[in-house]
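Beneath this line is the structure, given in structure tokens, with notes to follow.
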Amino acid sequence: MQKYSDVIQDRNGNVITGASILVKTYPGAATATIYSDNIRTAASNPLTTDSDGYFEFWAANGEYTLTISKSGITTETTSAFILTDNANVLGFGAAADGTTDDAAAFQAAVTATAAAGG
């Protein structure tokens with residue numbers, strides 16, 4: 001579970017309040033299940049930017065896109081991005097149950113950490 005936050009601004013750097021942020025899975029484009037905190041309190045999707053243009057959500061490790069829209073602005077969809085916890089091998093699929101071979105998950109965590117410069 002990872003937190004994502006951002007501020008939506010126009011080309012002049014002015015914040016955009018009241019913009020709708022639709023979080024979708026990638027590549028499936030299904031509306032994602034998102035949360036307002038790390039203890040899985042459900043959040044509505046789409047989200048709305050606040051008076052500072054800010055929004056945040058928590059989501060399971062995975063790939064997502066954001067579609068940002070509001071009357072009077074051009075709707076924009078972000079490139080796919082990945083939410084993952086490089087510090088936690090469970091985020092790479094380890095079962096940690098004492099019987100499952102978690103070697104692939106550990107290798108994925110090592111590879112991701114090395115790629116991130118860790």
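The values are calculated or read from the model by the stated rules, or taken from the named source; none is laboratory data. Quantities reported herein were computed from a predicted structural model and do not represent experimental measurements. FYI the Cβ positions are ideal-geometry reconstructions off the backbone, even for glycines, and counts take in every protein chain you see.
Residues of region 1-26 being of a type outside the set (Val, Ile, Thr), surrounded by 14 or more Cβ atoms within 10 Å (Cβ to Cβ) and in contact with an Asp or Glu (Cβ under 7 Å, 6 or more places away or on another chain), which ones?
Applying the first criterion (of a type outside the set (Val, Ile, Thr)) to region 1-26 yields 1-6, 9-14, 18-20, 22, 24, 26.
Now narrow it down to the ones that are surrounded by 14 or more Cβ atoms within 10 Å (Cβ to Cβ): 1-2, 4, 6, 19-20, 22, 24, 26.
Correct list: Gln2, Tyr4, Tyr26.
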All positions within region 27-54 that are surrounded by 11 or more Cβ atoms within 10 Å (Cβ to Cβ) and of a type in the set (Val, Ile, Thr)
Thr31, Thr33, Ile34, Thr48, Thr49
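Would a scan of region 75-85 turn up a residue that is hydrophobic (A, V, I, L, M, F, W, C) and over 24 Å from Ala109 (Cα atoms)? Show your work before the answer.
So in region 75-85, the residues hydrophobic (A, V, I, L, M, F, W, C) come out as 80-83.
This time we only want the ones that are over 24 Å from Ala109 (Cα atoms), so: none.
The answer is no, given that none of the residues of region 75-85 is hydrophobic (A, V, I, L, M, F, W, C) and over 24 Å from Ala109 (Cα atoms).
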When (1) without any contact (Cβ under 8 Å) to a residue 60 or more places away in the chain; (2) over 12 Å from the mean Cα position of the chain (by Cα) are applied to Leu22, the one that fails is (2)
For Phe81, are the conditions met, namely being touching a helix residue (DSSP H, G or I) at 6+ places or on another chain (Cβ under 7 Å) and at pLDDT 80 or above?
no
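Conditions (1) of a type in the set (S, T, N, Q); (2) closer than 27 Å to Val89 by Cβ; (3) out of contact with any Phe, Trp or Tyr (no Cβ under 6 Å at 6 or more places or on another chain), marked per residue:
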| site | (1), (2), (3) |
| --- | --- |
| Thr31 | yes, no, yes |
| Thr49 | yes, no, no |
| Trp58 | no, yes, no |
| Ser71 | yes, no, yes |
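Could you list, in sequence order, all residues of region 1-38 that are among the aliphatic types (A, V, I, L, M) and modelled with pLDDT of 95 or more?
Within region 1-38, the subset among the aliphatic types (A, V, I, L, M) is 1, 7-8, 15-16, 19, 21-23, 29-30, 32, 34.
Across region 1-38, the qualifying residues are Val7, Ile8, Val15, Ile16, Ala19, Ile21, Leu22, Val23, Ala30, Ala32, Ile34.
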One residue is enough: does region 55-63 have a residue meeting the conditions buried (at least 17 other Cβ atoms within 10 Å of the Cβ), free of Cβ contacts under 8 Å to residues at least 40 places away in the same chain and either among the polar types (S, T, N, Q) or in contact with a Leu (Cβ under 7 Å, 6 or more places away or on another chain) (or both)?
no
